[in-house]
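> The structure is given below, and queries will be raised subsequently.
The values are calculated or read from the model by the stated rules, or taken from the named source; none is laboratory data. A quick note: this is a predicted structure, and the numbers were derived from the prediction, not measured. Every residue, glycine among them, receives a Cβ derived from its backbone with ideal geometry; neighbour counts consider all protein chains shown.
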Amino acid sequence: GQQVMQIPQYQHVQEGEDFTTYCNSSTTLSNIQWYKQRPGGHPVFLIQLVKSGEVKKQKRLTFQFGEAKKNSSLHITATQTTDVGTYFCAGPRGGSNYKLTFGKGTLLTVNP
Amino acid sequence: NAGVTQTPKFRVLKTGQSMTLLCAQDMNHEYMYWYRQDPGMGLRLIHYSVGEGTTAKGEVPDGYNVSRLKKQNFLLGLESAAPSQTSVYFCATSRSETQYFGPGTRLLVL
C-alpha cells in the first residue's frame, strides 16, 4: 500500500540553527499537507501544497513540493524554542482526498 | 465555537473492560475520523465516516467499533480492552482535505 516516509525521525538543534525535514511518498500525490503537533498537544494543520514544484512560505517556514509530486520538505530558518514539536506530512490515501496517510513525523527539539 | 471536542481526556481500564470514546464537532463537517498515536508509529487511521449513518474501516480497525448516529458525533467503542490498545486517540473532522483534530484521549489498559 501507499507509504509516506519521513526523515529524520528526530532532530535536535541549537536555537538559531536551521532545520529541515523531508517527506517521500511511494506514489505520486495530488497534494501534500503538513501538520505540527506540540508536545502534549494535537496535530494542527500548517499548509497544503498542490502544484508540482510549488514553494510556499510562512514567516520562517518554507514548504516545497517536488517536481514529480512524490516528495516534499519543510525548512525552518533560525529555529526558536516555539518551533519545538513533531512535524508530520500527510498525503491522500488510496486516491481519496478526504483520507490521509501520515508520515511518522520528525520530532524537533531546540536548545535555547 | 468549540471545534472538535473529545470525552474523556484520560481513562484507565482493566483488560477486558469496555468503554466508549466520544467525539463531538460543531463545524458541520461531513467527514470524521478516529486515529491512534503510538510512539514512533505516527497517526494510524482506525475507522472513519463520510457522513451521518456511515462508517468504514481504516488501517487498524481490529478491536474497535464505531457509530455515527448524528452528524456531529462520532463514537469509538472498545468492547474488550487489551493492553495493546494503550494509546492516545485522536478524533478529526474535515470538509475536504484539511483535517481538524480534537485534543485527544489518553487511554491506559492494564
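> Report whether or not A:LEU100 is part of a strand (DSSP E or B), at pLDDT 95 or above and aliphatic (A, V, I, L, M).
No: the conditions fail for A:LEU100.
> Pull up the range B:37-70, narrow it to residues that are under 13 Å from the mean Cα position of the chain (by Cα) and hydroxyl-bearing (Ser, Thr, Tyr), then point me to the one that is farthest from the other protein chains (Cβ to nearest Cβ).
B:SER67
> Using beta carbons and a limit of 9 Å, which pairs, at least six apart or on different chains, have the first residue in the range A:63-85 and among the hydroxyl-bearing types (Ser, Thr, Tyr) and the second one buried (at least 21 other Cβ atoms within 10 Å of the Cβ) and part of a loop (DSSP other than H, G, I, E, B)?
Pairs that qualify, where the first residue is among the hydroxyl-bearing types (Ser, Thr, Tyr) and the partner is buried (at least 21 other Cβ atoms within 10 Å of the Cβ) and part of a loop (DSSP other than H, G, I, E, B), are A:SER72/A:LEU29.
> Can you tell me which residue is farthest from the other protein chains (Cβ to nearest Cβ) among those in the range A:32-62 that are of a type in the set (A, V, I, L, M, F, W, C) and in contact (Cβ under 8 Å) with a residue 12 or more places away in the chain?
Per the stated criteria, the residue is A:LEU61.
> Further question: In the list A:VAL50, A:VAL110, which residue meets the criterion of being among the aliphatic types (A, V, I, L, M) and within 30 Å of B:SER49 (Cβ to Cβ)?
Answer to the check: A:VAL50.
> Still on this structure, I have one more. Under 9 Å between Cβ atoms, at least 6 apart or on separate chains: pull out the pairs that start in the range B:47-61 with a residue that is touching a residue at least 24 places away in the same chain (Cβ under 8 Å) and surrounded by 15 or more Cβ atoms within 10 Å (Cβ to Cβ) and end on any residue that is in a loop (DSSP other than H, G, I, E, B) and of a type outside the set (Val, Ile, Thr).
Close Cβ pairs (under 9 Å, with a partner that is in a loop (DSSP other than H, G, I, E, B) and of a type outside the set (Val, Ile, Thr)) amount to B:HIS47/B:GLY58; B:HIS47/B:PRO61; B:HIS47/B:TYR64; B:SER49/B:GLU30; B:SER49/B:ARG68.
> Going residue by residue through the range A:50-60, is there one that turns out to be under 19 Å from A:VAL110 (Cβ atoms) and touching a Ser or Thr at 6+ places or on another chain (Cβ under 7 Å)?
Yes: the range A:50-60 contains one or more residues that are under 19 Å from A:VAL110 (Cβ atoms) and touching a Ser or Thr at 6+ places or on another chain (Cβ under 7 Å).
> Next up: Quick check: is even one residue across the range B:93-105 at positive phi, surrounded by fewer than 13 Cβ atoms within 10 Å (Cβ to Cβ) and modelled with pLDDT of 95 or more?
No, the range B:93-105 has no match at all.
> Need the failing condition index for B:PHE90 against (1) surrounded by fewer than 20 Cβ atoms within 10 Å (Cβ to Cβ); (2) closer than 18 Å to A:THR101 by Cβ, just the number.
Unmet for B:PHE90, out of (1) surrounded by fewer than 20 Cβ atoms within 10 Å (Cβ to Cβ); (2) closer than 18 Å to A:THR101 by Cβ: (1).
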